[in-house]
Amino acid sequence: MTILPPYSIAAARPEQYAAIGELLVQTYSALAGMPRVIDQPEYYARLRDVGARASNAAITVYVALSAAGDLLGSVDFIHSMDQYGSGGSATTVADAAGIRLLAVAEAYRGAGMGKRLTGVCIERAAAMGKSQVILHTTRAMATAWTMYERLGFVRSEDLDFMQGELQVYGFRLRLAHRQARLEEMPTVVSELQAMLRTLSPTLDETEYVFVSAPDRSGLERLSAFMRGFFVEEEGVTFIIPSEVARAHGLPDEPSLRRIVLNVHSSLEAVGLTARVSSALAGAGVPCNMVAAFHHDHVFVPQKMALHALEILRGIQGRAIQDDN
């Protein structure tokens, strides 16, 4: 059984584009029933050109990396369907987001990484207020087909199209009916010692900044890059990459790094936030904790990120020793 190493998922960086493009070409061209590179060179050239897609403000290329920096997988999230780029009618669907070009490195297939990358896109679409998510697959992608159905996607023949001689099948997930996906989520952990034993902190490579606007429309142009937001009486706080803030003339300090606590902790769990924040505070590391549905996220000053990561790994190590 393949076991995923500690990992993080974030928007891809330019230095990662070439490796992602190569992963896509290798993955898709190796599938039985898919056209060969020699048969559809333009299609595979588009797969390889990750930079062109990432430069489109309506597309976010997500990459999954191990803590050691190994490429685990990638996926394209399209938050405006007119940029979806497929045949058929998908590009005309309103109030929808799209998922394309999911690929997982061969060594990590069967461990749930494809599901996690797809889940990031689903959650992103829900956060943006979309009513549905659209994707396509083929009979050659049998594993992905099964996964999509388990997540609640249903066949939509109105989205089907032909890519040369290849039949491509459309699927959609109505975000108001996501119970099937929720039933597939990992069992949550609520007991403190169990959470600490499985903390699995990983450091996101991206640097982030918290910026504010009077309302959501003030920073709507940045929605494709947003890691999260929170609505307060005084306005809306957005968490975006520092480089995006600089590119749009926004404050880019203080620069923060995100540490993901990969344990799937319950929202009703008691003690995890206190344990983490107190350990960091004791070492003089300020932190901002963000609790999401799946995981807790710890934002710490960029210059103290590696120190903070070691502190959190120490918490996990001591918890494991205490149980032995």
First in the range 292-303 and in a loop (DSSP other than H, G, I, E, B), second anywhere and not small (Gly, Ala, Ser), Cβ under 7 Å, 6 or more apart: His294/His264; His295/Val260; His295/Leu261; His295/Asn262; His295/His264
Within the range 67-80, restricting to residues that are touching a residue at least 60 places away in the same chain (Cβ under 8 Å) and either of a type outside the set (Gly, Ala, Ser) or in contact with a strand residue (DSSP E or B) (Cβ under 9 Å, 6 or more places away or on another chain) (or both), the one that is nearest to Arg227 (Cα to Cα) is His79
In the range 270-318, what count of residues is obtained for those that are surrounded by 14 or more Cβ atoms within 10 Å (Cβ to Cβ), more than 30 Å from Ile122 (Cβ to Cβ) and touching a His at 6+ places or on another chain (Cβ under 8 Å)? 1
Could you figure out which of (1) under 30 Å from Glu310 (Cα atoms); (2) crowded, with 19+ Cβ neighbours inside 10 Å; (3) over 18 Å from the mean Cα position of the chain (by Cα) isn't true of Ala107? (2)
Would you confirm whether or not the range 180-189 contains a residue that is touching a strand residue (DSSP E or B) at 6+ places or on another chain (Cβ under 9 Å) and at pLDDT 70 or above? no
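Kindly provide the set of residues from the range 133-155 that are polar (S, T, N, Q) and either over 14 Å from Gly87 (Cα atoms) or in a strand (DSSP E or B) (or both), ordered by number.
Of everything in the range 133-155, those that are polar (S, T, N, Q) and either over 14 Å from Gly87 (Cα atoms) or in a strand (DSSP E or B) (or both) turn out to be Thr137, Thr143, Thr146.
Looking at the structure I just gave you, is Glu232 closer than 22 Å to Ala126 by Cα and among the charged types (D, E, K, R)? Quick ask: steps written out before the conclusion?
On the way: closer than 22 Å to Ala126 by Cα: yes; among the charged types (D, E, K, R): yes.
Considered against the rule, which asks whether it is closer than 22 Å to Ala126 by Cα and among the charged types (D, E, K, R), Glu232 comes out as yes.
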If I filter the range 69-90 for residues that are under 15 Å from the mean Cα position of the chain (by Cα), of a type in the set (Ser, Thr, Tyr) and modelled with pLDDT of 90 or more, do I get at least one hit? yes
Residue under question is Ile320, and the condition is that it be assigned to a helix (DSSP H, G or I) and touching a residue at least 60 places away in the same chain (Cβ under 8 Å); does it hold? yes
Can you name the condition, by its number, that Gly112 falls short on among (1) over 23 Å from Pro35 (Cα atoms); (2) modelled with pLDDT of 90 or more? (2)
Restricting to the range 159-179, count the residues that are assigned to a helix (DSSP H, G or I) and either touching a His at 6+ places or on another chain (Cβ under 9 Å) or at pLDDT 50 or above (or both). 1
Just the residues that are surrounded by fewer than 17 Cβ atoms within 10 Å (Cβ to Cβ) and not small (Gly, Ala, Ser), please, taken from the range 110-127. Glu123
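The values are calculated or read from the model by the stated rules, or taken from the named source; none is laboratory data. As the structure is a computational prediction, the values presented were derived from the model and not from experiment. Here the Cβ is made from the backbone with ideal geometry for all residues, glycine too, and neighbour counts use every protein chain on show.
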